[in-house]
Amino acid sequence: MNRYDLRKKVWVRAGELIAEKGYVSPVDLLVRMERLTPQQVEDWRFRRIPYLERVAKGNLSKMNTILLALREFARSAELKPSLTAYMSWGKGPKQRLRFSKYRNPSVEEKYSTHYVLNRRGIN
């Protein structure tokens, strides 16, 4: 799949998630696009998988294209970015979950930014 088709698919899936949930998160988008399975996300949340990119289907270039297309979609739809700390589930102390192998701050921010409807103008 070329980048144009991938971006088009992101816009369609992100629009579906906004209509369904009122927000779009990169993790939900990757599940909807079949780059991750719900079981892989659950394993990551319970720390059975050290970082999410390890199990994502496709290469990192495509993952980056998906995340950039999501940001473009959010800007054009005037969605509000919202940083969320993904915390582990299960017993023991809750820890911040990792998205990438090296914990690059810019990569971690891309994955942990949800986009929500901007309710400022609605009364």
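Bear in mind that the values in this text are calculations on the coordinates, not laboratory data. Model, not experiment: these values are computed from the prediction. So basically every Cβ, Gly included, is an ideal-geometry build from the backbone, and we count neighbours across all protein chains shown.
At a glance:
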quantity: Distance (nanometres) between label positions extended 7 Å along Cα→Cβ at Q95 and R48; calculated: 1.7
quantity: Label-to-label distance, nm, for residues given as K21 and V55 (7 Å Cα→Cβ offset); calculated: 1.7
quantity: Identified option (computed semi-axes √(5λ) of the Cα gyration tensor in Å; candidates (i) 28, 16, 13; (ii) 23, 18, 13; (iii) 42, 20, 12); calculated: (ii)
quantity: Lysine pair count for the chain [Cα-Cα under 22 Å; pairs on different chains or 8 or more apart]; calculated: 19
quantity: Fraction of beta bridges assigned by DSSP in the chain that are antiparallel (%, nearest 5); calculated: 90
quantity: Coil-residue GluC sites (Glu not before Pro) of the range 32-92, DSSP, other Cβ within 10 Å capped at 14; calculated: E34, E78
